1. Got a sec to turn the phi values of the stretch 320-336 into Karplus ³J(HN,Hα) couplings, 6.51 cos²θ - 1.76 cosθ + 1.60 with θ = phi - 60°, whole Hz, x for Gly and Pro?
2. Which listed residue (GLY297, ALA594, PRO528) has the Cα farthest towards the positive end of the charge dipole for the chain, taking +1 on Lys and Arg C-beta and -1 on Asp and Glu C-beta about the Cα centre?
3. Work out from phi, with θ = phi - 60° and the Karplus expression 6.51 cos²θ - 1.76 cosθ + 1.60, the ³J(HN,Hα) of each residue of the stretch 63-71, listed in order in whole Hz, and give x for Gly and Pro.
4. May I ask you to give the solvent-accessible area per residue for the stretch 364-432, in square angstrom, as obtained with a 1.4 angstrom probe?
5. Work from the charge dipole of the stretch 372-472 (Cβ charges, +1 for Lys and Arg, -1 for Asp and Glu, about the Cα centre) and give the residue of ILE378, LEU401, SER464 farthest towards its positive end.
6. So if I place +1 on the C-beta of Lys and Arg and -1 on the C-beta of Asp and Glu, and nothing else carries charge, what would the dipole magnitude of the stretch 39-102 be about its Cα centre? I want it in debye, nearest 20.
7. With a 1.4 Å probe and every protein chain left in place, work out the accessible area per residue of the stretch 468-608 in Å², rounded to a whole number.
8. Taking amide hydrogens as modeled 1.01 Å from N in the peptide plane, which residues meet the under 5 Å criterion relative to GLU724, leaving out close sequence neighbours?
Amino acid sequence: MKFSYNWIRELVDDLDCPPGALERLITMKTAECEGIEPVGELLSRSCLARVVSAEPIANSHNLRALVDTGACGMKTVVCGAKNCRPGLITAYVPLGAKTIDGVESEGMLASGAELGINRDHSGILELSGAPGASIPGCQPDYAIEIDNKSITHRPDLWGHHGMAREVAAILGRRLKDPANVRLLPQGTAAIQVRVENSDLCMRYSALVFENVTVQPSPLWLQQRLTAIGLNPINNIVDMTNFVMAELAQPMHAFDADLLKGDAIFVRPAYVGERFRALNGEEYTLDPSNLVIADAGGAIALAGVIGGLDSAIGPGTKRVVLESATFQAASIRKTSTAIKLRTDASIRFEKSQDPANTVRGIARAIELLREISPGIEAIGGVADARKEIPAPAPIDLPLEWLERKLGRAISPEEVRGILERLEFGVSEPQLGVFRVTVPSWRATKDISIKDDLVEEVGRMVGYDSIAPEPPRVAASVPPANPNRKFQHAVRDLFVDLGFTEAYNYSFIGEDAARAFGLDPAAHVRVTNPIASDQALMRVSLLPGIWKNIAENSKHKEAFRLFEIGSEIHKREAGLPDEIPHLAAAIYERHGDGTAGLFEVKRAAECLMPGAELVPGAELVPGGACFSLPSAPYEHPARAAGIAWKGEPVGRLFELHPSLLEAGRAALIDVDLSAVFRLASKDEAKYTPVRRYPSSAFDLSVIAAAREHIGLLERKFSEFAGPLLESVQFLRQYEGPPFVAGQKSVAFRVTVGSAERTLSSDEVTAVREAIIAGMRALGYQLTV
């Protein structure tokens, strides 16, 4: 949010602190500032000038204008604006001489946008006054950018008056109140207000005006709004935005002649009620949306946006001015439901002060008298309100305050700070202040004595408090083995060269369907932040797929992994959250074989002894778990992962249709199952073998599509108890083998812990493997 330095200066007496220093003070004592930028710098050098003559330049759309700048004399300026004409009073800026279209131009004639007054680029300004005079009401300014997140708990800081109060308290200056409530007219209101539920609308104030003139706002008002990022529209609408930006009180103006009946209703919308908004959109409402209505239907979506059918236009002569306070949660829900956040809704979401509604009208009366001459209020203010009890005073023991704050502070300093912030302070007993909270701090900010410690602490400066460790007993937190396990998994994959990715737990229906997932099986988000984040994920794969697709545009090879929860719907109760690991290796070039073996190696590092089980095969021990390839898997490059006799995940190559180029090998592992299995067996010490092992190589001829892992298991079954390991060496396809065949070589290692095996024992193992494989129909080269 942006704040105007000049605006704050107008509200704080004798403010002589420069913009940069003020920004620093606000950051240290109130809210984080993100920067400061000059606004309307050219205004310091500009002045009024009268166009004496304007002649076309040959072969150019520009004009050669002779202008009288007063004290600076006559100047020649090249101008391309269509409204440049003799006799026009406009703004002149002496930028120095520059040749344009063969004519030396001594400066420029400026548009409102170029001077930072408004956003109008269509032509140069049309003004009135004597040449050489400054532009009335306009001067250079600075916009101080405040981080919105640092003031979400402070509804009063969403307006310049609230920020000026902070500045005045910090610097010990007097705060000016721009709202003169004595201007509020008395008497019977010209319009009735009926609020159906005062919990949703705590206060609704309205006042009718006649003899309205709708016209462009004066330049000072346009510049003030432009400086803080608001777009000037016309004097009536600009006035409502000005009050909102000054007092943090959103307002809205209705064209009274377009309203039906003599009453305004604040009520929930009807089921299916249609509403045309100022942004040109039409919304279908339901009773969860609060509307402002007349006898004909909804004329505004309460706290969010006004209606098109009652909008202020050039012909408006009578206005109903609204100033209200709505329940914060109701406005937030409506704004989220229709996916529209406005300057008004952002403020109402912060729980605005109900006492501020009539102050907003009082300020509007003063402004309207200036910017719409002849305007008159009709009747008194209609004011429907819920009686809200004043917040209970807070007792603040000064000894407790010092202990909590961590430094000594005098009672006089505490009282001074609180009173400058406009808290009421009394001392019913020695050493205890009784603090009354002002209404603008009572809606959601100050409620307990700990809140008052923060007020005192930030004003004295946290840098004045000597840092000390807390004087409390320190205890080791309870062990969390599952978290420790996931950290170990994360460290392992980082060591293997993978980069961790973090994805939202939400996916869209398109992503779900791309992986063959039924959107109806997902937990659906009630108010998704985006259309592609409407479902809670039941798999990490759609997220890692998007990571692959995005990174493949910039890199030829990379490794990614993510650890997160799959969220599975249950018939009753909360959904199941199952921790999973998804890891991927992408290569733009090559056949993808290396990537598959590398993710297999990563899986074996995580689960030593893990096996790949292709097709619908049995895991050793009898559990059938491996299913045919899923739609997102390469049909010939997919397998289940088994560990300690149980299924724990999948290893596969991503289906080529899901990538524009390259290949990606992935593993998807259930970390809850891995953690459970890893916890089953404790590591046991095995002494180093005292006796040497023996090894021999065997090659088996098998079908080209037969999985090497299956052959390896068959070797292991026939080798017997003396087997130490079976290691794949290589495979070969080509002559002298026929098409569809391959030769696969293994190294078999055998040994014993009690003795050195004899050559006969080694030969017996070799012969057993050969006989077993031949019995299954395999040929071996021996």
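The values are calculated or read from the model by the stated rules, or taken from the named source; none is laboratory data. Keep in mind that what you see is a predicted model, and the values were worked out from it rather than measured. Cβ placement follows ideal geometry from the backbone for every residue including glycine, while neighbour counts extend to all protein chains displayed. Heads up: the accessible areas ignore ligands, DNA and RNA and are worked out on the full protein's heavy atoms, side chains in. Shrake-Rupley method; radii C 1.70, N 1.55, O 1.52, S 1.80 Å.
1. Going residue by residue, I get 9, 9, 9, 9, 9, 9, 10, 5, 4, 5, 4, 5, 4, 5, 5, 4, 5 Hz, with x marking Gly and Pro.
2. Comparing the listed Cα positions along the dipole, ALA594 ranks first.
3. Once θ is set to phi - 60°, the couplings for the stretch 63-71 become 10, 9, 9, 9, 10, 9, 9, x, 5 Hz.
4. On a per-residue basis, the stretch 364-432 sits at 56 Å².
5. LEU401
6. 60 debye
7. 58 Å²
8. THR749, VAL750, GLY751
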